[in-house]
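Single-structure report; data block below.
The values are calculated or read from the model by the stated rules, or taken from the named source; none is laboratory data. Since we're looking at a predicted model, the values are computed, not measured. In this analysis, Cβ positions are derived from the backbone assuming ideal geometry, glycine residues included, and neighbour counts consider all displayed protein chains.
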Amino acid sequence: MPSASHSPDAVVSIRGLGKTYAGGFTALRNVDLDIRRGEILALLGPNGAGKTTLISIICGMSNATVGTVLADGHDIVRDYRAARSIIGLVPQELHTDSFETVWATVKFSRGLFGKSPNDAHLEKVLRDLSLWDKRNNKIMTLSGGMKRRVLIAKALSHEPSILFLDEPSAGVDVELRHDMWRMVRALRDAGTTIILTTHYIEEAEDMADRIGVINRGELILVEDKAVLMRKLGKKQLTLTLQQALSQVPQALSAWPLELAADGLHLVYTFDTQREETGIAELLRALAVEGIDFKDLQSSESSLEEIFVSLVHQPAAPVEGATA
C-alpha cells in the first residue's frame, strides 16, 4: 500500500522509509514520520534499533532501500545539495582532523557547504561552546569532551536550520552534558529544529517536546512528551501498614493490589487516565477490613519505565507519527 503524501507543514517529512542490507538484514521498516519546525524530537531505542541508520539516511550518508525523505521541501536524493545545506549532524564517533587547529577545522567545515566566510558567526559558535580560548589548539591536544564540542561547532558552522545529534552525551561528563542541553535549548529557541538520539532517558525527559521510540527497525510510537507520560504513565499509591499482612484479603480482590515481601507495604496501581482513581473506595474497604496504615505515598511512572515497557511489547501501529 503506498505511503501517505508528504506533509507541507513538516520541516522533515519521511514516508515509507526502509533499509535492507545486502546480507538480508532489515535495519528500518516502513518508517513514516513528520518532524515539526522548531521542535526538539528525541528518538529512543535500544542498541541496534535503527536510530543511527535513520539519521544516516536523512543526512545523506546512507541510501534507503525504499521510501522518500524531504528536508524543508527538498528531496534528499534528487535535490541533495539543497537538502544537505540546511542539515547539521553531530555524529557519535569522534572523527576530527587531529592535526588541524579548532579554528581551521570549523572554518573549513563551513566552506564545504559553499557558505561565504563569516568569522563573526564562527566566533559566536566557539564562544557558546566554551571553545574560543582553544581556537588555536590542535584538536589532537584536546580532551574527549572538548573534541565533542568541536564536532558540534563543525555541525553549526554553516548555520543549519535542522540539527541532528546522534548520542551527543555519549562518554561526556555531567557538566558538559548540561552545558550541551542549555545550548540545544537556546538553538531551539532561535528556531533550529533538533532531532537527537539518546540512551539517556533523563536527556529526553528533560529536553524533548516529542518522543519517538524505535525498536527492531520500526517506529512504534511518536507522541508529545506530556501526552505520552499521561497516556502510558501509571500512578502508584504505597500504604505503609501498622501491622504486617500475610496475604491480601479476599475482600480486597477487586483492586489491583500487591503486597510487599515484608507484608508491611501495600501497593495500589491505578490508571492516570481514569476520572475515578478508586482510592477513596479502597481506603474505606481497608477500614472495613480493620487494616490500619500509618503512611501513604504516591509515585508516577518515569519515562524510563514507559520506554522499557514499550520496547518489550510487540510492535504496534504508530499513532501520531505523521501528526
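Among the candidates VAL150, VAL174, the residue that is among the β-branched types (Val, Ile, Thr) and surrounded by fewer than 20 Cβ atoms within 10 Å (Cβ to Cβ) is uniquely VAL174. Being among the basic types (Lys, Arg), in contact with a helix residue (DSSP H, G or I) (Cβ under 8 Å, 6 or more places away or on another chain), touching a residue at least 40 places away in the same chain (Cβ under 8 Å) and farther than 25 Å from THR53 by Cβ is the requirement here; does ARG210 meet it? Considered against the rule, which asks whether it is among the basic types (Lys, Arg), in contact with a helix residue (DSSP H, G or I) (Cβ under 8 Å, 6 or more places away or on another chain), touching a residue at least 40 places away in the same chain (Cβ under 8 Å) and farther than 25 Å from THR53 by Cβ, ARG210 comes out as no.
Within segment 18-38, which residues are buried (at least 17 other Cβ atoms within 10 Å of the Cβ) and touching a helix residue (DSSP H, G or I) at 6+ places or on another chain (Cβ under 7 Å)? If the condition is that a residue be buried (at least 17 other Cβ atoms within 10 Å of the Cβ) and touching a helix residue (DSSP H, G or I) at 6+ places or on another chain (Cβ under 7 Å), then LYS19, ALA27, LEU28, VAL31 are the ones that fit. From the residues in segment 237-280 that are at pLDDT below 85 and of a type in the set (D, E, K, R), which one is surrounded by the most Cβ atoms within 10 Å (Cβ to Cβ)? Among residues in segment 237-280 that are at pLDDT below 85 and of a type in the set (D, E, K, R), the one surrounded by the most Cβ atoms within 10 Å (Cβ to Cβ) is ASP271. There is no residue in segment 103-118 that is over 30 Å from ASP72 (Cα atoms) and surrounded by 13 or more Cβ atoms within 10 Å (Cβ to Cβ). Quick check on segment 192-203. Is at least one of its residues in the same structural domain as ILE57 (by TED's automatic domain parsing), assigned to a helix (DSSP H, G or I) and over 30 Å from LEU142 (Cβ atoms)? No: segment 192-203 contains no residue that is in the same structural domain as ILE57 (by TED's automatic domain parsing), assigned to a helix (DSSP H, G or I) and over 30 Å from LEU142 (Cβ atoms). Checking each residue in segment 133-154 for being at pLDDT 90 or above and basic (Lys, Arg) picks out LYS134, ARG135, LYS138, LYS154. Per the conditions (1) of a type in the set (Asp, Glu); (2) within 25 Å of VAL31 (Cβ to Cβ); (3) touching a Phe, Trp or Tyr at 6+ places or on another chain (Cβ under 7 Å), the sole criterion not satisfied by ASP209 is (3). Kindly list, by first and then second residue, each pair from a residue in segment 248-262 that is closer than 21 Å to ALA280 by Cβ and basic (Lys, Arg) to a residue that is in a loop (DSSP other than H, G, I, E, B) and at pLDDT 85 or above, limited to pairs with Cβ atoms under 9 Å and residues at least 6 apart or on different chains. Note: no pairs meet the criteria.
Taking (1) surrounded by 19 or more Cβ atoms within 10 Å (Cβ to Cβ); (2) in a helix (DSSP H, G or I) in turn, LYS124 satisfies each apart from (1). Of the residues that make up segment 125-137, is at least one touching a helix residue (DSSP H, G or I) at 6+ places or on another chain (Cβ under 7 Å) and closer than 30 Å to SER7 by Cβ? Checked against the condition, which is being touching a helix residue (DSSP H, G or I) at 6+ places or on another chain (Cβ under 7 Å) and closer than 30 Å to SER7 by Cβ, segment 125-137 yields no hits at all.
Residues in segment 32-82 that are closer than 13 Å to HIS6 by Cβ and either part of a helix (DSSP H, G or I) or of a type in the set (A, V, I, L, M, F, W, C) (or both): LEU33, ILE35, VAL69, LEU70, ALA71, ILE76. Taken over segment 114-155, the criterion of being of a type in the set (Lys, Arg) and farther than 19 Å from VAL184 by Cβ is satisfied by LYS115, LYS134, ARG135, LYS138. The number of residues in segment 160-197 that are modelled with pLDDT under 85, in contact with a strand residue (DSSP E or B) (Cβ under 6 Å, 6 or more places away or on another chain) and not charged (D, E, K, R) comes to 1.
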